[in-house]
Structures are given as C-alpha cells and as structure tokens.
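Here's the structure, in structure tokens; my notes come after.
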Amino acid sequence: MTVPLAQRNLLHEKGKLALSVAGIGAAIALILLLLGFRAGLYVTVSAFANNLGADLLVGQSGVRGLFSGNSAVPLDIHGDAATAARATEAGHILITGTIFTAGDTKTPVLLVGYEPGSAFGRPWNVGGGRAIAADDEILLDTWLAQRTGITVGDEIDLLGQRFRVVGLTRETASWMSPYIFISLEAASRALGLDNVVSYHLLQLAADQDAGRAIAAVESEVGGVDAMTPGEVAAADERALATTLDTPLRVMIFIGAIIGIAVMSLTAYIAITDRRRDYGVLKAIGASQAQLAWLVVRETASRAVLGFFAGVGGAYLVAGLIMAVWPQFTIVIRWPTVVQAALLALLMNLVAGWLPIRRLRGIDPVLVFKE
Amino acid sequence: MNTNDHVLDLRHVSKVYGSGHTAVTAADHVSLRVRRGEIVLIMGPSGSGKTTLLSMAGLLLRPTEGQILLNGHDAGRLNQRQLAGLRLHSIGFVFQAYNLLGALTARENVEVVLNIAGVKGKIARRRAIELLEMLGLGHRLEHKPADLSGGEKQRVAIARALANNPPLILADEPTGNLDSKTGQEVMELLCCGLGRDQGRAIVIVTHNDRLRQIADRVLWLEDGRLSESGGQGGQSVVQAASLHN
Amino acid sequence: MLRIAWRNLLHERVRMLVSTGGVALSVLLIFFMNGVFAGSEEHAVAYMQNQPAELWLMQAGVENLHMSTSLLPPDALARARQVDGVREATGLLNAGGALELGEEPAYSYLFAVDEDAPFGQAWEMAVGDPDPGLRELVIDVALARRYGLEIGDTVTVLGRALTIAGLSKETFGIATSISWVNKAALSSLIGVPTGADSYILVQLEPDADKEAVAHALQEAVPEANVLTREAFIASDQEMIRQMGADIIRAMTLVAYVVGLLVVGLTIYTATVERAREYAVLKALGAQSGQLMRAVFAQALLSSVLGFGAGVILAVVAAGLVGRLLPEMLVLVRPEEVARQAPVILAVTALAALLPLSRVLRLDPMVVFRT
C-alpha cells in the first residue's frame, strides 16, 4: 500500500499513541532494569576478585569463590605455594562476611584484611582520605559511610574492636555486601584466627603459564585449590545465580506478562475503536489478509516505538536509581538489550493474536448503521 | 432477455433471521434486475428491510435462499475472499454517514481503495486526484474528513466509490445528512456525471422524494410488498415480495 | 455518577478486564517482591524460633546469625553452663559454605553442634539421623529432591566428600539454607580451635529471671554479646528488611508507573469514546465537577478492582511458587496490603488526569453536529 494507512492510524490520536508507547516502554524498561540489576550484581560481586592485583589465588580446597564460603589455609604454606608456582611476588588476605552495625542501620559487608603497603588485596580506588597504615584503621565504602552518617576521622566498633576511619573507597558499593578494609593483623585478631589466612595471592612471572602454575601448586601443596581471579569471579557469579536467579526470573516473567497485557490491550483497543473503519475496508473489498497485515504493522510499530522508549527509559531510570541509591549497580549492555528485544518480539506475537481474531468478527454490514 | 445487460440480478432471494417460532423473514423471494446505465430508487418507511436488501446486493450478506448474480458472477459459488475481490472491482458504496477513514486525507481516502486493488504509487495518486478534481475538490485534497463539510465529505465518498471504476454503485441515503442545495448537487452528480452517462448502474435507497426526478425506476417497500412507484421509464421486473424488517 | 462510571466500565467488558488485569499484574509484581523478602525474613529466623534457647551468646560486636562471622573462645560454653539459672547450653559452630552438587554449587550455611547436644540440631527430620558423623551430612529434603539425592549419596563440602545421613525439613531457603555437619569436622575445615563455638544457645530454668541470667552470662563471658531470642530474631529480620527496602522501593515505583499507564490508557480511550455522551450531559446541564467525578470514579473502580485482583493473584502465586520452588517462601502480609492501598488511590488520581482535561474542554455544542 502506498497510502501509509498503518502510520496514519497510529498518528491520528497522538495522546493514545503516547500512552500505549509509554505503557509498552514501561514494561520493557522493567524487564531491562531487572536484567541490568542482575548484571550489575555480577559486576560488584566480581569487583574485588578482578582488582586483587594477583594472578593466582590459593585457598582452601573445595572453596571456590569469595562469597560462597570461608576459605582457611595455614599461613606457613606461603613459601611452598610461591615456590611451586614460581611466583615473583606473594601476599595474603583474610576475607569474611559480617554485619556492619551503626546505630539502627545494619549492613552485611565483606571484610577484607590485607597487608598495608602491599599491592595485593588493597582497595583499588580510594576516594576521600588515605589508605590504612596501622592496625586500628579502617576504610569504608563511600556509600556505606553515607548511609550510616560516618565520615573520615570518626571512630567505629567492629567485631569488638575499635577502628578509626581514615578513608572512603569507591567501586566497592554493593547491594549485597559492600567492602570494608582493615589490616590483616587486625582481621586475624577480630576473627580469633591464628596463623590462618583466607587466600595466598601470587604474582606470576611474565612467561609463566597460569594453568601450569595451578597444577604445580595443587600437587605440591596439600589441601588447597589454586584459581585465577577470573575463575574466582565466575564461581561467585554462579553462587549468586543459584541464590538470585529464581526470584529474578519469576519477576521477569511477571514483567513479560505485563508487557503482553499492555500490547494486547493497545492493539485490541485500536481494533475496537476503529471497528467502523475496518468494516468499511471490508465492505469496499479489502481481504482478511490485507486487514490482518495492517493490524500486524500497527501492532509491530507500536511495539518498536515502545521498545525504544523502554530502552531509553531503562537507561534513564537506571541512572536515577544509581544516583539515589548508590549501592545499586545496574548494567545494561547490548546483549541484554538484544535479549529484551527478542522477548519483546515474542510478546508482540502473542499479543497480536487476539486482535486479529477480533478482526474476523467485524461484520461489514455495520457500515449501513449510523 | 440478455443477461449481459444486467449488472445486478437478484433471483428469488430470501433472508430469514433466527429459526423456529422466533424466525424473522427480512426478505421473501425478492427478484430484482438492474441494467447498465439504469438508476433505480428504492423507497419505503424505516425498518422495511432496505438495509438487508442493500447488504445482499452488496455481497455483504449471504441470502438464505435464492441466487445473486453480479456482473454475471454467481455470488453463491464464491468464498469470502472472492466476494471481497468482486466487491472491490464491481461495486462502489456511498453511505449516509460517509464512512471516510478519519486518519486519512481526502486524497488518501480515495487512493487507499486503489491500493487495495493493487494499484500503487503515482498511478493511484493521479487517479485519486483526477476523481476529486472532477468532483470539484481539487482544493481540498490534503484535508482530513474532520475539516470537510458534509457535502465535501459525500463527494469524497463518491470519488472513493468510483475509484476502481465499478459497474454498480449502491448508495444508502446519499443525501440524508446534507442540506437541500448540497443534496441537489450530489443528486446531479449521481444522475448524470457518474451514472447513466458512463453506463453505470446505480441503486439508491432513500426517503428523499426529490431523487425521483433522476430515477429510471422507483420501487416502493411497505408492509413487505414491493411495487413500482412510477419513474421515468424502464420496465418493472420486480416481482411481488414481502420485505419485512 | 458512580452508577454511570460502573455502567460505562461494564459496557466494554473486555476493556475492563484488560485494564483491571494490567493493574492487577502490577500489584502482583509489587506484592511478590515484598513477599520474597518477607519470606526470606521469616525463613532466616526459623532456626532461632525452633530452638528452646531463650538466650543467645555471640562474639562481642556481633548481633546477627546470617551474613556474620562470630567466634567465641573454646571455654566459653563451660563458663556459660556454670551460670545460675542456666538449665542447658549448647555450642553452635557455623560457617558459610557451598555444597557441590554436580555442576552447580548450592549455597548453604553449615551448622554443627556437639554429638550429645540437647538441642541445636535440625528441629524436624524427614528421614535419618539429625547428628551427622565425622564424614556425614544432613541436608534439606527439598534440596535433595531438587538434585535427585538420597540417603547414602555423597556431596562435596569445602573439599571434603560427605555422605548424606539425614534429610531435614524446612531448612531450604533462597539464601538461608542450613545443612548440618559434624562439629569436629567443621572445626578443622574452617581452621578454628577445637571446641570453639560461633554461638552458644542457652535454655533457662523454668523459674529463672531472663534479664538476671543474661547479665550474669555477660559477666561470665565478657568476650560475648548476650541477646534474648526475641532481640536476636528482630536483629536478623531488620537486617534483611533493610537490605530489601531500597530495591523494593525502586522496583515498586516502576511497577506502579506501569499500572498507572495501563489505567490511564483505558480510561482515556473510554472517555474519548464517550465524549459525545459527556457533551450531551453537559448540554443537559451537568456541571463539569459532576462529569469529572464520573471519570475519576471510573478510574477508581478500575484500580480498586485491579488491586483486589492483584492481591488475590499474589496469594495464589505465592502458594504456587512455594509448591514448585520450595526454597522460595513468599509471604503476602496484610499490613503490606494496607500500606499499598492508599498508594493505589494516588495512582488512580494521576491516571484520571489526562482524560479529565478532555472532559473539561468538551463543547456541548457538539450535540448538534452529526
């Protein structure tokens, strides 16, 4: 058809079009935000692992991630591990989950004990203040500090010990567990551990193969697993997935149902509101296929407009959410957008079925009625 | 009788709604033949079954009994798709309520019918403009129905009806919503410009007495009976019938 | 005017169904999200609620069971038992861990109590022994069913292969699952001194003064923080509530926007369709205020019906989800329903705004035109 009937129909009532597009856009945005929230959690969960400054982590056998269990290895295997891996540098960290309480606010955090001055395990982005230099000093995540009203210079209690806040870190916020940093010594004391660390961290020689180093460490040092930071991050993501994927998937499913409902509603209303027009076209001699194609084009156009509105809206809302609630990281990357696009296509197909059926029921004889 | 001269041929057509003791007979063995270039008027009080008759003639409603031939094609042997195609090329409708598509301009309302028939692009556009100019709407091509007067809307509807050059025009109260002056103009268009002169058959359903002037035949429906009411010539081939609503 | 609104709404049944449905789905999403966190809150404290301990000891500075690390000295249990008013006391050692179930790790807390402990084990068993031996494990029956495991099967935990000796009930949660292992085994696995406990559960003599005993316990074990069961439960619930608060707020906002748009679209198209009728009423003498009330009433009816349907859907969905995914406890709480009800009124008012402006601008002269 050279007369752009679908386009004309859509633009004829701009208010209705705006509402329909907004409705579809909101449903798409909801799905993108949920997917982006999930992706953002993965980013924050793996943030520390990816910024450790080490090529290998040596931890307790069977513990395969920072979040999925407490690893405990003897401090004195340090030398053996470094030798087996032919490491150029080595360090250690203690890492555990605990609750940070300030007044009425309780926040689960990941406590990292690292060696001040070492390149391993330290916060990679210190915003305000400075890094720790003593055993009674602590670094808090910027959002955590903001949430609890703590600033640099304040003193806080943690695990029965007193610490002074000397700096605030960035890129360490997380809805699940923001990071806080103290010295390894202070962590050992607070956790009642003696000569035990969570991980040995090794830096390999430039020509050393990680796979070979892992094999060497695991065979020569008993009771340990050696992993690359990537493997640790992947393990944490998997652990996270088993926890969060189920409720998230259910919510995404509900979001998709909402999207279908909105698309159906708008397409259905479009048909019933223009019953007469469709009756006239039928009377004039348009075939069922021509009319169905018209409906498909209109529904698809609305869906496409709604999709782009949804993508734009999602980025906007994500930005707003992260500005108001900095503990959330929402990451919407193009694979997520493609995922949402395919879902929107499926929703559109389902949504178009009812209106096309409705079309069949329009009796062209109604053109003779006033 | 040369059937090729008859554009529309209804043979003992009946329409019954419902069944058993609630059955309503809207048309009872009606026969009607309309020749090319003939203008037939069907008049009668409200509720006498004119809509049913028009719907069947327009291939929008299948009869319960009888045969309908349009341009020699037996409608009873055709499926919905084929009927639609026949309507597209053989019938032009003019409605009391105009029934223009509100989202389209005057030109587009005519052009879309050509598109449906497979005529696209510049050819369709040119034909649409030609028709509208012929009907004195050359200055209103890009206006939407909401911006047109009643008379202008009806002229667009007439242009649309003529788009695919059909041999038959079916008009339902074409002057019903117009003032007397505009109604007169439309009447003249139907009679002379578009109908007889171009060999087109026109069937008009109306209450408007003034349209008698242009009719070759006037048929009257009342209490189920169809009779001739006197026109300007032509033979009555309508048989006795009861046309109820 | 309410009657007009009701009749208008019923006139187009499908439209009413879809608009009510759109609101219902948005409400479903909101209550589902709330319900997931409420369920998590409930499940997280199931252990405390099902143990006969009125007082709980934990490391100073610790106030939570979940997402916490606590360690008390090896002699703390003995000291606690000596306190007047204490009938029984049990030490609980716990750690976060992952059960290696084939490809996927299942996150679970690992709990361990002494073999002859009077309480502290699983409070309800489906089958088998609640006290696991050195190389044994008790996991939740629903978790076992999910992965096709039975008594006698092997599961790797923290690098050690353990045999399933018992299947517990009500211990499968999204992030709050509990599995039981042998205490000596756990001590060596997580590198804590033998005999050290994370928490001490204290059951009081029938006529003991809870506060007095708590005070005495604090003096006997100064390294500990002593909490009543109620305070301990409240602390964990509050922590989860705070974790969920912001995310619920963010997603609720988006869900309400979707609901708002659905109602707005339906009311808008219904009003536009009936513009002539409203114009007739105006011509006959109806005031703008009366017409506005009719439009508003229509929006309100849609929203109220949708809200009611959404609550019912949420309750049904919660039951269904609980049956299909036993780790997901979804609770729809009456107080939450009462809290959201006024919000729906506000959404309604907003949704009615656009069509209201059209009604106000209606020219009654329209009745004289065809």
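The values are calculated or read from the model by the stated rules, or taken from the named source; none is laboratory data. Not measured: the values here are computed from a predicted model. In this analysis, Cβ positions are derived from the backbone assuming ideal geometry, glycine residues included, and neighbour counts consider all displayed protein chains.
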(message) If I filter the range A:265-276 for residues that are facing another protein chain (nearest Cβ under 10 Å), of a type in the set (Ser, Thr, Tyr), under 16 Å from the mean Cα position of the chain (by Cα) and surrounded by 20 or more Cβ atoms within 10 Å (Cβ to Cβ), do I get at least one hit?
(response) no
(request) Please find, among C:Gln298, C:Gln290, the residue that is surrounded by 15 or more Cβ atoms within 10 Å (Cβ to Cβ), in a helix (DSSP H, G or I) and not aliphatic (A, V, I, L, M). (result) C:Gln298
(request) Please enumerate the residues belonging to the range B:107-130 that are charged (D, E, K, R) and under 21 Å from B:Gln154 (Cβ atoms). (result) B:Arg107, B:Glu108, B:Glu111, B:Arg127, B:Glu130
(request) Among the residues of the range C:39-58, write down those that are among the charged types (D, E, K, R) and assigned to a helix (DSSP H, G or I). (result) C:Glu41, C:Glu42
(request) Sort out which residues of the range B:60-85 are within 9 Å of chain A (Cβ to nearest Cβ) and closer than 30 Å to B:Leu178 by Cβ, and write them in order of number. (result) B:Leu60, B:Leu61, B:Ala84
(request) With respect to A:Gly91, determine if the residue is farther than 14 Å from A:Ile182 by Cβ and not basic (Lys, Arg). (result) yes
(request) Six or more apart or on different chains, Cβ under 9 Å: which pairs go from a residue in the range A:276-294 that's free of Cβ contacts under 8 Å to residues at least 40 places away in the same chain to one that's among the charged types (D, E, K, R)? Could you list them? (result) A:Ile284/B:Arg87; A:Ile284/B:Arg160; A:Gly285/B:Arg87; A:Ser287/B:Arg81; A:Ala289/B:Arg81
(request) Give the residues of the range A:181-221 that are aliphatic (A, V, I, L, M), within 14 Å of chain C (Cβ to nearest Cβ) and not in a helix (DSSP H, G or I), sorted by residue number. (result) A:Ile182, A:Leu193, A:Val196, A:Val197, A:Val221
(request) Could you tell me whether any residue of the range B:160-178 is outside any loop (DSSP other than H, G, I, E, B) and either over 27 Å from B:Leu53 (Cα atoms) or polar (S, T, N, Q) (or both)? (result) no
(request) Test C:Glu41 against the stated conditions and say whether it is of a type in the set (D, E, K, R) and away from every other protein chain (no Cβ under 13 Å). (result) no
(message) Scan the range A:329-351 and tell me whether some residue there is in contact with a Gly (Cβ under 6 Å, 6 or more places away or on another chain), among the aliphatic types (A, V, I, L, M) and surrounded by fewer than 20 Cβ atoms within 10 Å (Cβ to Cβ).
(response) yes
(message) I'm trying to understand the selection: among the residues of the range C:301-312, which are buried (at least 20 other Cβ atoms within 10 Å of the Cβ) and within 14 Å of chain A (Cβ to nearest Cβ)?
(response) C:Ser302, C:Gly306, C:Gly310
(request) Would you be able to tell me the number of residues in the range C:70-88 that are crowded, with 21+ Cβ neighbours inside 10 Å and within 23 Å of A:Leu159 (Cα to Cα)? (result) 6
(request) Among the residues of the range B:33-56, write down those that are closer than 24 Å to A:Lys282 by Cβ and either under 14 Å from the mean Cα position of the chain (by Cα) or surrounded by fewer than 19 Cβ atoms within 10 Å (Cβ to Cβ) (or both). (result) B:Val34, B:Ile42, B:Lys50, B:Thr51, B:Thr52, B:Leu53, B:Leu54, B:Ser55, B:Met56
(request) Return yes or no: is A:Gly319 of a type outside the set (Phe, Trp, Tyr), in a helix (DSSP H, G or I), more than 14 Å from chain B (Cβ to nearest Cβ) and surrounded by fewer than 20 Cβ atoms within 10 Å (Cβ to Cβ)? (result) yes
(message) Quick test for you: out of A:Leu33, A:Leu57, pick the one residue that is away from every other protein chain (no Cβ under 14 Å), at negative phi and either surrounded by 23 or more Cβ atoms within 10 Å (Cβ to Cβ) or in contact with a strand residue (DSSP E or B) (Cβ under 8 Å, 6 or more places away or on another chain) (or both).
(response) A:Leu57
(message) Being touching a residue at least 12 places away in the same chain (Cβ under 8 Å) and either among the hydrophobic types (A, V, I, L, M, F, W, C) or more than 13 Å from chain B (Cβ to nearest Cβ) (or both): is that true of A:Ile252 here?
(response) yes
(message) For the structure I just gave you, tell me whether A:Gly255 is surrounded by 22 or more Cβ atoms within 10 Å (Cβ to Cβ) and part of a helix (DSSP H, G or I).
(response) yes
(request) Tell me which of these C:Ser68 doesn't satisfy, since it passes every other one: (1) without any contact (Cβ under 8 Å) to a residue 40 or more places away in the chain; (2) more than 27 Å from A:Ala187 (Cβ to Cβ). (result) (2)
(message) Tell me the residue from B:Gln67, B:Gln82 that is surrounded by fewer than 22 Cβ atoms within 10 Å (Cβ to Cβ) and closer than 20 Å to B:Ala161 by Cα, please.
(response) B:Gln82
(request) Return the total of residues in the range C:233-257 being within 16 Å of C:Phe31 (Cα to Cα), in contact (Cβ under 8 Å) with a residue 60 or more places away in the chain and within 12 Å of the chain's Cα centre (by Cα). (result) 3
(message) Go through the range A:226-238 and report how many residues are within 10 Å of chain C (Cβ to nearest Cβ) and more than 14 Å from the chain's Cα centre (by Cα).
(response) 1
(request) List the strands (runs of 3 or more DSSP E) that sit entirely inside the range C:85-203 and contain at least 1 residues that are touching a residue at least 24 places away in the same chain (Cβ under 8 Å), within 12 Å of another protein chain (Cβ to nearest Cβ) and aromatic (Phe, Trp, Tyr). (result) C:104-113
(request) Please work out which one of (1) more than 22 Å from C:Val258 (Cβ to Cβ); (2) without any contact (Cβ under 8 Å) to a residue 60 or more places away in the chain; (3) among the small types (Gly, Ala, Ser) is the condition C:Ala299 fails and give its number. (result) (1)
(request) Can you work out which of the residues in the range C:151-203 that are among the hydroxyl-bearing types (Ser, Thr, Tyr) and over 30 Å from the mean Cα position of the chain (by Cα) is surrounded by the fewest Cβ atoms within 10 Å (Cβ to Cβ)? (result) C:Thr194
(request) Could you tell me which residue of the range A:114-165 is farthest from the chain's Cα centre (by Cα), considering only residues that are part of a strand (DSSP E or B) and surrounded by 21 or more Cβ atoms within 10 Å (Cβ to Cβ)? (result) A:Phe163
(message) Tell me yes or no: at least one residue of the range B:129-150 is more than 27 Å from B:Gly72 (Cβ to Cβ), in a loop (DSSP other than H, G, I, E, B), at pLDDT below 90 and among the polar types (S, T, N, Q).
(response) no
(request) Restrict the check to the range A:34-57 and report whether at least one residue is assigned to a strand (DSSP E or B) and touching a helix residue (DSSP H, G or I) at 6+ places or on another chain (Cβ under 8 Å). (result) yes
(request) Quickly run through the range C:245-285 and pick out the residues that are among the small types (Gly, Ala, Ser) and surrounded by fewer than 17 Cβ atoms within 10 Å (Cβ to Cβ). (result) C:Ala245, C:Ala275, C:Ala283, C:Gly285
